[in-house]
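Colleague: Here's a structure for you.
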């Protein structure tokens, strides 16, 4: 799988969040997108994931030499971010079963096995609304990493996680993401220490904006 951005830019009103982003992302590689809060990391990641439309430039997705239609790219993408909601009225079992109906899990995985992997067996039948913020973040990581998708987009993936949660995050990455395309947006090296490629949002700013 390959994602190609060509002179991509996004603005809100008259303010450019990023411009002239020309990057290729390849399967079996992990990329970090870094920069301070407000630098546009999340905006770039959402554009890559098809959640936001670019203001200029383009983005292409390809499997081998076959280019994917934009409307089909989502089938190959999983997204995890602290601002994305889960269905809190459901129990964890119900939520994972529901999720599996529209995005299948990796071969060999079912809700029970996933719940064991993320260490939430004792809370499997509790409504997610009663979970702590750290438990909810484990659920968000699980629905992204265990989905059968080749592209894993992670926005501040360790938000609300304690030490054990961060250890779990790295274990999941090590065990299940080696052959996938992973992009992590973060300004914390703990979250992207495994990434072979590190990009700075400063690369996609105008000279005026870089000095701001």
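FYI, it's all coordinate maths here, none of it is from the lab. Keep in mind the model is a prediction, meaning the values are calculated, not measured. All Cβ positions, glycine included, derive from the backbone under ideal geometry; neighbour counts span all protein chains shown.
Colleague: In what order do 117, 89 fall by count of nearby beta-carbon atoms within 10 Å, going from fewest to most?
Modeller: Result, fewest neighbours first: 89, 117.
Colleague: Counting other beta carbons within 10 Å of each residue's own, what order do 19, 129 fall into, fewest first?
Modeller: Ascending number of Cβ neighbours within 10 Å: 129, 19.
Colleague: Just order 108-114, 29-35 by mean Cβ neighbour count inside 10 Å, highest at the front, would you?
Modeller: Ranked by mean Cβ neighbours within 10 Å, highest first: 29-35, 108-114.
Colleague: How are the C-alpha pair distances of the chain spread across 10 Å bins, as whole percents from the shortest bin up?
Modeller: Over the chain, the share of Cα pairs per 10 Å bin runs 8, 34, 35, 19, 4, 0 percent.
Colleague: Also, I was wondering about something else. Label residue 26 and residue 179 with points 7 Å out from Cα along Cα→Cβ: what is the distance between them in nm?
Modeller: My value for the distance between the label points is 1.8 nm.
Colleague: If r is the Cβ-Cβ distance from residue 162 to residue 94 and R0 is 22 Å, what FRET efficiency results, to the nearest 0.05?
Modeller: My answer for the efficiency is 0.30.
Colleague: For a footprinting-style exposure proxy, rank 45, 153 by other Cβ within 10 Å, fewest first. Please list the in-between numbers first.
Modeller: Numbers: 45 21, 153 25.
Listed from fewest to most nearby Cβ atoms, that is 45, 153.
Colleague: Would you mind calculating the gained length between residue 51 and residue 187 on full extension (0.36 nm times residue separation, minus the Cα-Cα distance), in nm to one decimal?
Modeller: 46.8 nm
Colleague: Calculate, for residue 132 and residue 197, the FRET efficiency according to 1/(1 + (r/R0)^6) with r their C-beta to C-beta distance and R0 41 Å; round to the nearest 0.05.
Modeller: E(calc), rounded to 0.05, equals 0.80.
Colleague: Shifting gears a bit: What nm value, rounded to one decimal, do you get for the distance between residue 116 and residue 87 when each label is placed 7 Å out toward the C-beta?
Modeller: Taking the simple label geometry, residue 116 and residue 87 are separated by 2.5 nm.
Colleague: Restricting the count to DSSP beta bridges whose residues both fall in the chain, what percent are antiparallel, rounded to a multiple of 5?
Modeller: In the chain, DSSP labels about 55 percent of beta bridges as antiparallel.
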